[in-house]
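The values are calculated or read from the model by the stated rules, or taken from the named source; none is laboratory data. From a predicted model like this one, the values you see are computed outputs, not experimental measurements. Here the Cβ positions follow ideal geometry from the backbone for every residue, glycine too, while neighbour counts run over all protein chains shown.
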């Protein structure tokens with residue numbers, strides 16, 4: 001199979017970077033893309049760790065050109081999704097710059113740091129503890145559960161940021177209302 005060792009990488013990019021986003025766009029659910037794009041990182045990491053035979057050069061830190069190009073394409077694709085989510089978050093809400101930056105940083109840390117290292121540690125633990133014939137299938141299922149957990153964690157943390165934003169806005173509004181009320185009562189109006 002000489003010369004076909006990168007066919008999995010090519011197929012992944014065609015399916016996950018081109019076809020699935022195109023399907024989302026054609027199906028009038030293009031808004032889902034901004035949530036899907038960052039998840040491509042953890043999906044590619046899962047495939048490169050479990051089905052190494054086909055996806056060895058998909059998302060790793062090797063120095064060969066295929067690995068570097070693939071990794072850069074995936075990271076740029078995911079980063080565009082993070083930026084898109086952050087910008088749409090700020091345009092849909094009345095928030096300040098610090099909260100918007102916090103939203104983007106939380107997304108970045110979850111997608112690029114936590115999901116990568118956490119998945120790698122989890123699958124290495126499974127590799128060490130389970131000695132079965134179909135270990136790769138078990139690792140894929142555990143990886144998919146991990147991806148669902150990452151989505152839940154992301155939703156929870158971002159909801160926390162939203163709640164904090166609402167509490168802050170309520171305090172500011174109450175403070176302004178008290179000042180107006182005090183000025184009106186002092187002025188005799």
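The residue that is surrounded by the fewest Cβ atoms within 10 Å (Cβ to Cβ), counting only those in the range 23-53 that are at pLDDT below 90 and not in a helix (DSSP H, G or I), is 28.
A single entry from 183, 117 fulfils the requirement of being under 24 Å from residue 77 (Cα atoms), surrounded by 10 or more Cβ atoms within 10 Å (Cβ to Cβ) and either out of contact with any helix residue (DSSP H, G or I) (no Cβ under 9 Å at 6 or more places or on another chain) or modelled with pLDDT under 65 (or both): 117. Going through the range 13-28 one residue at a time, which ones are touching a helix residue (DSSP H, G or I) at 6+ places or on another chain (Cβ under 9 Å) and within 23 Å of residue 87 (Cβ to Cβ)? Scanning the range 13-28 gives 16, 17, 20, 21, 24, 25.
Has the range 81-96 got any residue that is part of a helix (DSSP H, G or I), within 12 Å of the chain's Cα centre (by Cα), under 29 Å from residue 135 (Cα atoms) and without any contact (Cβ under 8 Å) to a residue 60 or more places away in the chain?
Among the residues of the range 81-96, not one is part of a helix (DSSP H, G or I), within 12 Å of the chain's Cα centre (by Cα), under 29 Å from residue 135 (Cα atoms) and without any contact (Cβ under 8 Å) to a residue 60 or more places away in the chain, which makes the answer no.
Quick one: which of 46, 58, 51 is in contact (Cβ under 8 Å) with a residue 40 or more places away in the chain and closer than 22 Å to residue 152 by Cβ? Please lay out each step first, then the result.
Values: 58 fails: closer than 22 Å to residue 152 by Cβ; 51 fails: closer than 22 Å to residue 152 by Cβ.
Testing whether each residue is in contact (Cβ under 8 Å) with a residue 40 or more places away in the chain and closer than 22 Å to residue 152 by Cβ leaves just 46.
Comparison of 102, 8 shows that the only residue that is surrounded by 12 or more Cβ atoms within 10 Å (Cβ to Cβ), without any contact (Cβ under 8 Å) to a residue 60 or more places away in the chain, touching a helix residue (DSSP H, G or I) at 6+ places or on another chain (Cβ under 8 Å) and closer than 20 Å to residue 116 by Cβ is 8.
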